[in-house]
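Undergrad: Just passing along the structure, written as structure tokens.
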Amino acid sequence: MTFALPSGGGYAGTLSIVQQAAVAGTLSIGTSDVAPGGGVPALGTTRAASSERYALDAHAPLLYITVQSTATFTANPLPAFTITLPQAVVFSGASYYVALYDGVRPSVGQQLGFEGPGVLNGTTLTFSGTGTLQFDANTPDVFTLYVASGSAPAPTAAPTPASNPTGATTSPIALGTASMAFTATGAGAAQTTTITENGYAGSFAIANASADSCGSGASAIVAFSPATLPAGGTLTVTPQNAGTCGLTVSDTNGNSAVLSISVTLTGFTTQ
């Protein structure tokens, strides 16, 4: 999906996002060439409005792009940016990068070099990267376009926080697929997955995740069967209604794993 960036201050462009698993929701995008807003720390104190100012700051911020979604989803690959720059901030021999401020992990701060260096063609700058990025529902993420002087060392991106920040051990239960994404409902759209665990020959119990239940009956997001299956067995999940939820798979030793599910019957919209 490609979205137009709000234009202003001589900047224009697009943001492209590919969802790892389709999720319905609304995406809000804002831009500012002055400050990020919302209590997000600015990348630097010097704006690169001219070559003289540019020389004062090795990491001079140019444009803040705030993205917020009403639903949690994962972008894979990283978001891609195409940005048209004002001529005043096109500098010979400079490098352009995108920093990330993750709203869920503010203690990490501004992650320099999250994407880049960008490719500059005339006044058009493009960024693309490999990897994944989770957008958390109703939490703004701020991408900062900045310019680094040719003499400044290339920045090093901050380590990506672990997806399991609580330090809990990884479940030994192996799901054939960790997530299922549906774009239609009914038996014809059903998907299956196998469930295994090394050295375990007992049974697995399937139930709605306590924090993200799929519901029950006709209003449930999905139906699943069977509720109990042997190691190596196959679980069938049938989509019924739009939404996101999880199914918990548990063994008799106290281990569990969650199968993430999304049923999308409408696409992403922007506002």
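The values are calculated or read from the model by the stated rules, or taken from the named source; none is laboratory data. Just so you know, these numbers come straight off a predicted model, no measurement behind them. Here Cβ is always computed from backbone atoms with ideal geometry, including for glycine, and neighbour counts include all displayed protein chains.
Undergrad: Can you name the residue in the stretch 93-129 that is among the small types (Gly, Ala, Ser) and farther than 17 Å from residue 60 by Cβ and is also surrounded by the most Cβ atoms within 10 Å (Cβ to Cβ) among such residues? Please lay out each step first, then the result.
TA: Going residue by residue through the stretch 93-129, those that are among the small types (Gly, Ala, Ser) are 93-95, 99, 103, 107, 109, 113, 116, 118, 122, 128-129.
In the following step, the residues that additionally are farther than 17 Å from residue 60 by Cβ were identified as 103, 107, 109, 122, 128-129.
Values: 103: 19, 107: 6, 109: 15, 122: 9, 128: 15, 129: 15.
Per the criteria, the residue is 103.
Undergrad: Could you list all residues from the stretch 193-224 that are surrounded by fewer than 13 Cβ atoms within 10 Å (Cβ to Cβ), touching a residue at least 12 places away in the same chain (Cβ under 8 Å) and closer than 25 Å to residue 24 by Cα?
TA: Listed by number, the residues that qualify are 210, 211, 218, 219.
Undergrad: Taking into account only those residues within the stretch 101-134 that are in a strand (DSSP E or B) and at pLDDT 90 or above, which is farthest from residue 65 (Cα to Cα)? Walk me through how you get there before you give the answer.
TA: Residues of the stretch 101-134 in a strand (DSSP E or B): 101, 110-115, 119-121, 124-127, 133-134.
Among the residues that remain, those that are also at pLDDT 90 or above are: 115, 119-121, 124-127.
On the way: 115: 14, 119: 18, 120: 19, 121: 21, 124: 16, 125: 15, 126: 14, 127: 14 Å.
Per the criteria, the residue is 121.
Undergrad: Among the numbered conditions (1) under 19 Å from residue 21 (Cβ atoms); (2) at pLDDT below 85; (3) in contact with a strand residue (DSSP E or B) (Cβ under 7 Å, 6 or more places away or on another chain), tell me where residue 163 comes up short.
TA: (3)
Undergrad: On to the next question. Name the strands (runs of 3 or more DSSP E) wholly within the stretch 25-79 that hold at least 2 residues that are among the aliphatic types (A, V, I, L, M) and at pLDDT 70 or above? Lay out the reasoning, then the answer.
TA: On the way: elements: 26-32, 59-69, 73-75.
Those strands (runs of 3 or more DSSP E) span 26-32, 59-69.
Undergrad: Using the structure shown, decide if residue 149 is more than 19 Å from residue 15 (Cα to Cα) and touching a residue at least 24 places away in the same chain (Cβ under 8 Å).
TA: Details: more than 19 Å from residue 15 (Cα to Cα): yes; touching a residue at least 24 places away in the same chain (Cβ under 8 Å): yes.
So residue 149 passes the test.
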